[in-house]
1. In sequence order, what are the phi-derived ³J(HN,Hα) couplings for segment 467-484 according to the Karplus relation 6.51 cos²θ - 1.76 cosθ + 1.60 with θ = phi - 60°, rounded to whole Hz, with x for glycine and proline?
2. Can you give me the distance in nm between label points at TYR362 and ILE134, each placed 7 Å from the Cα along the Cα-to-Cβ direction?
3. For segment 285-293, in order, what is each residue's ³J(HN,Hα) by Karplus, 6.51 cos²θ - 1.76 cosθ + 1.60 with θ = phi - 60°, in whole Hz (x at glycine and Pro)?
4. So who's got an amide H within less than 5 Å of the one on VAL468, skipping anything under 5 residues away but keeping other chains? H placed 1.01 Å off N, in plane.
5. Order these by the 10 Å Cβ neighbour count, fewest first: VAL181, VAL172.
6. Taking 8 Å as the Cα distance limit and 6 or more residues as the minimum spacing, I'd like the relative contact order of segment 346-386 as a percentage.
7. Output ³J(HN,Hα) for segment 171-185: one whole-Hz value per residue in order, computed from phi by the Karplus curve 6.51 cos²θ - 1.76 cosθ + 1.60 with θ = phi - 60°, and x for Gly and Pro.
8. Is segment 342-429 best put as rounded, prolate or oblate by its Cα gyration tensor, with a ≥ b ≥ c the root eigenvalues, rounded for a/c under 1.5, and otherwise prolate when a/b is larger than b/c, oblate when not?
Amino acid sequence: MYDELFKNDGKVVFKRKDQKPAIAEVDDDAESLSYLLNQLCHIDKVLAKQSSQQVLSNRLHLKASIDTVRWLTFQACAFRGHDESHESQNRGNFLEMLKLLASYNKEVDAVVLDNTPQNAIYTSPSIQKEILHIFARKVQNEIRNEIGNAKFCLIVDEARDESRREQMALVVRFVDKHGFVKERLIDVVHVKDTTSATLKQEICSALSHHNLNIQNVRGQGYDGASNMRREWKGLQALIIQECPYAYYVHCFAHQLQLALVAAAKEVVDVYAFFQSLSNIINVVCSSCKCNDELRFAYATEIIHLVATNQIETGRGANQIGTLKRSGDTRWSSHFNSICSLLRMFGATTSVLEDLATNGSTYSQRGDATYALKSLLSFDFIFILHMMKEIMGITDKLCQALQRKSQDILNAMHLVSSTKSLIQQLRDSSWGALLEKVSSFCNDHAIQIPDMGASFSDIIRSRRKKDVVTVEHHYRVDIFTSVIDFQLKELNSRFSEQATELLILSTSLDPKDAFKLFSQQLNGLFSYEDY
């Protein structure tokens, strides 16, 4: 079969791989052209002529391999096995699926695996990859046809794969011909480095390969890395040089996580708190035995609380779980980790006390003792409750921004209301927080420092700073500082320019005959202007 076949100046030019183009004189003779296009008349088909039954068998054989590749791809299963020899009991998903298909169909069994010629088994990794590439090209062509001539937005991120190669994922967001917003992963490109110039070059190359014009880009969405968001030499700036309408908007949910993580790192006491929290969870959940002891202790505590009517009962309430670990980039996981420790504080304390006393090794006893001291300190308890109050407000915004169906205008209102609630917490909630912390410490026999006494730590004493009270330290150095840093980060991440752009874009919603657009016009122009 010829790779290229086209007509030029009354001649048919055909080309095969690694060969020079050959020209056939046809003089616009339709009959000669039909002979040339008929594959059965080609020389290689005449010399090695196959019967119709052989053709059907080959097609069935290839179809079985294609269906197997398709099924494994949709199920995200690995193709190859550790041992694919004939003596192996498990030759990998691809070969085992072929065997399963053959066991249910005699016609398939007659043309696959051991019943095929050794040079046409169609099971090698190269054949599997070639079939996958054909699938990928067909999907990409469908996405390209779906986009048509519409404007689109770019969403780009880079990450390393298992082979330590830097990969760039390219996603396009567009409105199809039916008016629905679609997001499609169009390509994954290997990049030699992650500089803004390299990423921009690869993006332009990928768009050109799919016949997409960069001038049709109407938006960019990246993470907060410096090579992406810098105003002069970042990727977003380089794309804007090519297309001035490609506005850069940071992912709102990711902005919020970056803001809160940055705020936590700015205050040293909060950073140390999360380090201690991670250490406590690692010690308690380090083994299956410790985890079982934690569950048993919590179940015993629930039974006692239910018997004394201290907690409510109901379907799905008081589930026996475990401590949750926090992730580096998921701020909601930090909130869930804090809530799980507060819920299982008594059980966690009893497990650590048992490990510190009866641990099998000196390292286990030492780790448990260090974790227990951190857990039962007033500093830890205070920041534990403080961060629960703060993150209880921001977590609702974080969850709302991650919903795909979230309305832009509603998201902007949520950001504003979250800032207001955090400011309100800063101005009027110190007394309630201190009372809650003191009550918790009394219930668990934790020593409460004298708030009127002078406070000193190793840094303040060595630098001979002014003497402050204990209450001033917890209220100003920790409570107020954490909230101020978070408000500062929220204001800087959610810039007025991006917020105004998104609010204005909602006026283009065609619902109710562009009602929002009319309201925007009425807000910009009044009758007095005329």
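1. Karplus values, whole Hz, x for Gly and Pro: 6, 10, 7, 5, 5, 4, 4, 6, 7, 8, 6, 10, 4, 5, 5, 4, 5, 5.
2. 6.7 nm
3. 9, 6, 9, 5, 5, 5, 5, 5, 5
4. PHE455
5. Working: VAL181 10, VAL172 23.
Starting with the residue having the fewest Cβ neighbours, the order is VAL181, VAL172.
6. 32 percent.
7. Calculated HN-Hα couplings, in order: 10, 10, 10, 8, 10, 6, 5, 8, x, 9, 7, 10, 10, 9, 6 Hz.
8. Values: a/c = 4.74, a/b = 2.46, b/c = 1.93.
Prolate is the answer for segment 342-429, as a/c is 1.5 or above and a/b outweighs b/c.
All of the numbers you see were taken from the coordinates with simple rules; none came from a lab. Everything numeric here is computed off the predicted structure, so don't read it as measured data. Heads up, the Cβs are rebuilt from the backbone with ideal geometry, glycines too, and the neighbour counts pull from every protein chain shown.
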